[in-house]
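Written out below as structure tokens is the structure these notes cover.
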Amino acid sequence: MLTRSMRKTPGISLGRTILLVARQALAIGVCVVAAGRAGASPYIVTDLGRVSDMQQNGQSFDNTKTGVSYAFPNTLRNLTDAEMANLPTYSATMRQPPPPNWDNSPSTKIVTMNAWRINDSGTVIGTLDKVVDRFGNPVNSDVGYTVRSPDGTYSPFVTLSAYPASASAHYYLSQANQILITDPTATRLVDLNTGRSTSIDQLIPQQLLQNYPGIPFVQGIDDRGDIVIYADNQYTGSEAFMLTPPGLDPPPVPEPSTLLIFAAAGALVVRTARRRRLA
């Protein structure tokens, strides 16, 4: 009865449900093999589903079609008042108003790093103004980070993306002490534990890059270093993937029975609504 109802319900197919499970399992298996052969990437790839079906809800990515939720915790926090003290400063160039005030106006201004978020290792990401107007408002800024020591002092500001590329940069910090940054020059993962900067293309197995050419759209990085990307294929559309670092288990592939429960629930809702319309 359950199978028959699902097959008769528009938009719900048992075959598609099984196909989803198979596709996710295949994505993991193929990507592991591809990584092993090419030696380019040890990351494991999990297919989360169509981008049009994905929704980020706080600490997870949810597939609204299957009802499957993929944990994606990010527990960064804002800086406390004490942590806001002693942030790196810099002498920024001041853009001057036109004469006659030109000669008597200062040419520089001391500015403080604009801190965004901090992780448990004391790494702070944010921006530092390099040029300001005569009122001290930023004209252009660099994106980067600093590290807070236990004694409350900070390391010098380290630039990850300089202006003008920084104007459209997106950057994400994780509890794994990695920074994921994308700007017009590149998308890369900066590992502060090793000091390495790796292009996102080197984290993605070549077979996946061939099927989804072009620059992937980075959606973020979680506490342990998982990365979610959206990738486009002109024939099959946009797909969401999770990249899992080496040594960590990828998110579990949903059991067929779990997906059947979601499908059955959807079928029940459709049938109930149809009966009410006919009543």
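The numbers here are math on the coordinates, done by the rules we state, and not lab data. The structure displayed is predicted, hence computed values, not measured ones. Positions of Cβ are backbone-derived with ideal geometry, glycine not excepted, and every protein chain shown enters the neighbour counts.
Taking the Kirkwood radius as the inverse of the mean 1/r across Cα pairs, report the Rg/Rh of the stretch 138-196.
Over the Cα atoms of the stretch 138-196, Rg/Rh equals 0.99.
Based on the Kirkwood radius over alpha-carbon pairs, what value in µm²/s does the Stokes-Einstein equation return for the translational diffusion coefficient of the stretch 118-171 at 4 °C and 1.567 mPa s?
Estimated diffusion coefficient is 108 µm²/s.
Ranking request for peptides 73-86, 143-156: highest mean number of other beta-carbon atoms within 10 Å first, then the rest in descending order.
Going from most to least packed, we get 143-156, 73-86.
Which residue, chosen from 135, 85, 119, occupies the Cα position most advanced towards the positive end of the dipole of the stretch 76-161, where the dipole is computed from +1 (Lys, Arg) and -1 (Asp, Glu) charges on Cβ about the Cα centre?
Toward the positive end, the furthest listed residue is 135.
Can you give the charge dipole size of the stretch 76-161 about its Cα centre, rounded to the nearest 20 debye, using +1 on the beta carbon of Lys and Arg and -1 on the beta carbon of Asp and Glu?
160 debye
So what are the three principal axis dimensions of the stretch 76-161 from its Cα atoms, in whole Å, longest to shortest?
For the stretch 76-161, the Cα extents along the three principal axes come out at 50, 24, 18 Å.
As a test of understanding, state the convex hull volume per residue of the stretch 168-259 from its alpha carbons, in Å³.
127 Å³
Give the peptides 171-183, 116-128, 232-244 in descending order of average Cβ contacts within 10 Å, highest first.
Per-residue mean Cβ counts within 10 Å order the peptides as 171-183, 116-128, 232-244.
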